[in-house]
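None of the figures in this text is laboratory data; all of them are computed from the coordinates on show. What you see is a predicted model; the values in this text were computed from it and never measured. Cβ: placed from backbone, ideal geometry, glycine included. Neighbour counts: every protein chain shown.
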Number of protein chains: 2
Amino acid sequence: MKKISQTEENYLKAIFSVSESKGKAASTNEISKEIQISAASVTDMFKRLSEKGLIDYKKHKGVKLTEKGNQHATKLVRKHRLWEVFLVEKLNFDWGEVHDIAEELEHINSDELINRLDKYLDYPKFDPHGDPIPDADGIFEIRSQILLSELDLEKTGIVVGVQEHAPAFLEYLDRMKLGLGSSITILEKFDFDQSLRVKIEKKELTLTAKVAQNLFIQTKEK
Amino acid sequence: MKKISQTEENYLKAIFSVSESKGKAASTNEISKEIQISAASVTDMFKRLSEKGLIDYKKHKGVKLTEKGNQHATKLVRKHRLWEVFLVEKLNFDWGEVHDIAEELEHINSDELINRLDKYLDYPKFDPHGDPIPDADGIFEIRSQILLSELDLEKTGIVVGVQEHAPAFLEYLDRMKLGLGSSITILEKFDFDQSLRVKIEKKELTLTAKVAQNLFIQTKEK
DNA sequence: ATTAATTTTTAGGTTAGTCTAAAAATAAAA
DNA sequence: TTTTATTTTTAGACTAACCTAAAAATTAAT
């Protein structure tokens, strides 16, 4: 078995995230946009990854991860998210600052390392953004969650994750003192722009539709 | 300022360690042996590092790190050793297992990360092998130390480091329950093979000259 | 069902980092 | 001080990972 390079790993991650969110094969152009590399180069890499048995590739038909490719991509996600937990929990980074560093750390190659880190962090199930962390067997814990924008009037929910990961959004949440675990109650909904009047802990404030559509929450009733 | 690649970093480290131990310019062949790459490739890289102002290179004269190159190499040493402390202290790795992983981790690029890690580890001055860790300004703490082989009869010393880092040697020390902080008293010296009869904590045992020449110790009378 | 637009692939080129083999320079030995 | 040995450099080639421009295939639109 040959080694998988960092570059190849980045493609695997991109294919994983694109075909996971779209639910089907990832196209050359989608990957090209995802990782900002020319479509021609992406085609090149598709051939190489296919050679290595990491993806299924037929010309003009897009690509899908093979079992092997999927396992590897899942491990990368696991590493990335565990490192994020480490950076936030142990080194006190803000949740908006950790992505780029974890992007480098995820390529460190040692199963022993990652499993010890997992133990050291006490086997976290979710990262600082609320994204699930696959366990050593690649199993993700599934959580019932809805978007804040789908929560009914006068109901209360707990923030468990974010859909959008852009630093600007995360910094906004920090400024609003909104983080994982925050309790939000819908006081009023404004139809004309879908903005919401909400109560967070003690304070009342207004959230735009954009914000409400990017916050995952969990409600009491299962 | 262009980025310094991982490959280039490996050359800088090799040049640093060769010219530090030899006390002078590092030759093409020395670096070639150190990192197991052909002399021709080393010459190539010397040209590139020279272009970037990281080394001084004159044909057939060997190379020396510039101030800039030295700073970068020192930072790599700092990162490597801090990660080793992390792996041993926090993740409970044995001291023989950490080198390869730290070799990867040292290339992670973030001053913020390394300084927070330093703080998290409580600003250690020495790594698990007793090697000094430069501070954020690149300053190494100097310690008065001698080799166990130089210690006089009936004198006692404390193990503070190792000269040889080979896994086999470190595993041997583990098996002998010899580590940093162990107290050793010389009971007898055998001239014919330079072996030593010593007392370590409560037990008496014999150490070969090879072992005695690779253990750094510190004595009371500074 | 053609034509037009878009997507994907091919062709050909570049750079970093490696190699081997041969040439040139330096160092060691006779 | 010549000759011999060693070290270093040059020359020429290769692979991985990128690029642009053009060709081919697919998809969408008239």
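Among the residues in segment A:116-125, are any more than 14 Å from chain B (Cβ to nearest Cβ) and either touching a Cys at 6+ places or on another chain (Cβ under 9 Å) or assigned to a strand (DSSP E or B) (or both)? Checking segment A:116-125: not a single residue is more than 14 Å from chain B (Cβ to nearest Cβ) and either touching a Cys at 6+ places or on another chain (Cβ under 9 Å) or assigned to a strand (DSSP E or B) (or both). Among the residues of segment B:88-101 satisfying the criterion of being within 10 Å of chain A (Cβ to nearest Cβ) and assigned to a helix (DSSP H, G or I), which is farthest from B:K13 (Cα to Cα)? Within segment B:88-101, the match that is farthest from B:K13 (Cα to Cα) is B:K90.
Count of segment B:106-117 residues, restricted to those that are under 16 Å from B:L87 (Cα atoms) and in contact with a helix residue (DSSP H, G or I) (Cβ under 6 Å, 6 or more places away or on another chain), is 6. Within segment A:47-87, the set of residues being free of Cβ contacts under 8 Å to residues at least 24 places away in the same chain and more than 30 Å from A:L121 (Cα to Cα) comprises A:K47, A:S50, A:E51, A:G53, A:D56, A:Y57, A:K58, A:K59, A:H60, A:T66. If only residues of segment A:51-75 that are within 16 Å of DNA strand C (Cβ to nearest atom) and over 12 Å from A:Y11 (Cα atoms) are counted, the one that is nearest to the other protein chains (Cβ to nearest Cβ) is A:E51. Could you tell me whether B:E34 is more than 12 Å from DNA strand C (Cβ to nearest atom), under 16 Å from the mean Cα position of the chain (by Cα) and surrounded by 17 or more Cβ atoms within 10 Å (Cβ to Cβ)? So B:E34 fits the description; yes. For segment B:1-30, the tally of residues that are more than 16 Å from B:L76 (Cα to Cα) and either over 17 Å from the mean Cα position of the chain (by Cα) or of a type in the set (D, E) (or both) stands at 9.
Please report, ordered by residue number, the helices (runs of 4 or more DSSP H) entirely within segment A:1-86 with at least 3 residues that are aliphatic (A, V, I, L, M) and within 11 Å of DNA strand D (Cβ to nearest atom).
Details: elements: A:6-22, A:28-35, A:39-51, A:67-85.
Where helices (runs of 4 or more DSSP H) fall fully within segment A:1-86 and carry at least 3 residues being aliphatic (A, V, I, L, M) and within 11 Å of DNA strand D (Cβ to nearest atom), they are A:39-51.
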